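J.: What follows is a single structure, and I will ask about it in a moment.
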C-alpha cells in the first residue's frame, strides 16, 4: 500500500490482525512499526524474522522515503529527522496513537529520532543491531569488537574499503551482496543473508546520500538521555557492522533500557536465532502493553 504524505509517497504493508479473541472478547494487540536498515535497502529482508511476531502484534513494515517501493523525493529531504516525521504522519493517517518502533541497523537511527521527536507516539523502542553514532565507539573492557578482518578475505576487505570511501557502483553493490553479505551473520549461519535478501532491492543513490551526507554527522549519544520510551537494545555477538559495544552504549544512554546479546548471531539476529528473538521481543511487548 502507498499513501501520500510529507511531499512523497510512502509504502507500507501490514502483517497480522490488530486484535485477537480472548475470553473477555476482542483484545488489542500491540502495533510494531518495522524500519529497515541500509540506508538504501527496503523492508523485504525483515519479513523472515519479524513475520512470526504477527501472532503477538500487528507488524507494519515501512519502506523509508527514497527507498524500496516508496517515492523518490529530493535526496536533500531524506534526513533521519524527516524519516521520523514520516513515521509519525503515517501513524496519524492510520489512526495509530501508540506504537512500538522496531529499527534494524540504520533503521534504529530513524527509530531513535522518532522517539525524540514524537515521544507521545512511541510506546517502546526495539533497536536491533543499531548504534548511537557512526564514528567508532571505544571497546568495552574485556569485550573487543568483532571485525570484518577476522572473517573476510582480501577481496571482501577491498570491497568494503571502496564502499567506505563512497565508491558506490552497481558492480560494487553486487560484489558486496555476494562476497560481504554472507559475513553479516555468525559463522554458524552462512546461508541466512542470501536467503532473506533475495527480495530486497538496493538503491545506490540513497546509499551514496547516506554515506556522504547522513553518516558523517550522525551522533545521538548526547541526546539518548532524553528518550523516555522503554527500550530494548539487541546485539549479535558476532556483529562487526554494529558491534555489541554500540548496543551497550545505547542501553547505557537511554534511562532504563535493557540490553540483550545473542551469542550465536551477527547482524541479522532475527533470522539467525529466530526462537530467541521471538521470545525476547514478545516478552518486551507483553510487558510494556500491560504498563500502557
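The values are calculated or read from the model by the stated rules, or taken from the named source; none is laboratory data. Predicted model, so just to flag it, every value in this text is computed and none were measured. When we count neighbours, we look across all protein chains shown, and the Cβ atoms used for this are built from the backbone with ideal geometry, even at glycine.
J.: Looking at the range 144-162, which of its residues are farther than 18 Å from residue 174 by Cα and loosely packed, with under 13 Cβ neighbours inside 10 Å?
T.: 144, 147, 149, 150, listed by residue number.
J.: Quick one: in the range 2-21, which of the residues that are touching a residue at least 60 places away in the same chain (Cβ under 8 Å) and part of a loop (DSSP other than H, G, I, E, B) is nearest to residue 62 (Cα to Cα)?
T.: Only one residue fits best here, namely 6.
Residue-by-condition table, conditions (1) touching a helix residue (DSSP H, G or I) at 6+ places or on another chain (Cβ under 9 Å); (2) closer than 29 Å to residue 180 by Cβ; (3) at pLDDT 95 or above:
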position: 74; (1), (2), (3): no, no, yes
position: 89; (1), (2), (3): no, no, yes
position: 96; (1), (2), (3): yes, no, yes
position: 101; (1), (2), (3): yes, yes, yes
position: 109; (1), (2), (3): yes, yes, yes
position: 132; (1), (2), (3): yes, yes, yes
position: 140; (1), (2), (3): yes, yes, no
position: 157; (1), (2), (3): yes, yes, no
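J.: Tell me, which residue of the range 38-67 that is out of contact with any strand residue (DSSP E or B) (no Cβ under 6 Å at 6 or more places or on another chain) and outside any helix (DSSP H, G or I) is farthest from residue 113 (Cα to Cα)?
T.: So, considering only residues that are out of contact with any strand residue (DSSP E or B) (no Cβ under 6 Å at 6 or more places or on another chain) and outside any helix (DSSP H, G or I), the one farthest from residue 113 (Cα to Cα) is 56.
J.: Quick check on residue 231: is it crowded, with 17+ Cβ neighbours inside 10 Å and touching a helix residue (DSSP H, G or I) at 6+ places or on another chain (Cβ under 8 Å)? Give the steps one after another, and end with the answer.
T.: On the way: crowded, with 17+ Cβ neighbours inside 10 Å: yes; touching a helix residue (DSSP H, G or I) at 6+ places or on another chain (Cβ under 8 Å): yes.
For residue 231, the condition - crowded, with 17+ Cβ neighbours inside 10 Å and touching a helix residue (DSSP H, G or I) at 6+ places or on another chain (Cβ under 8 Å) - is met.
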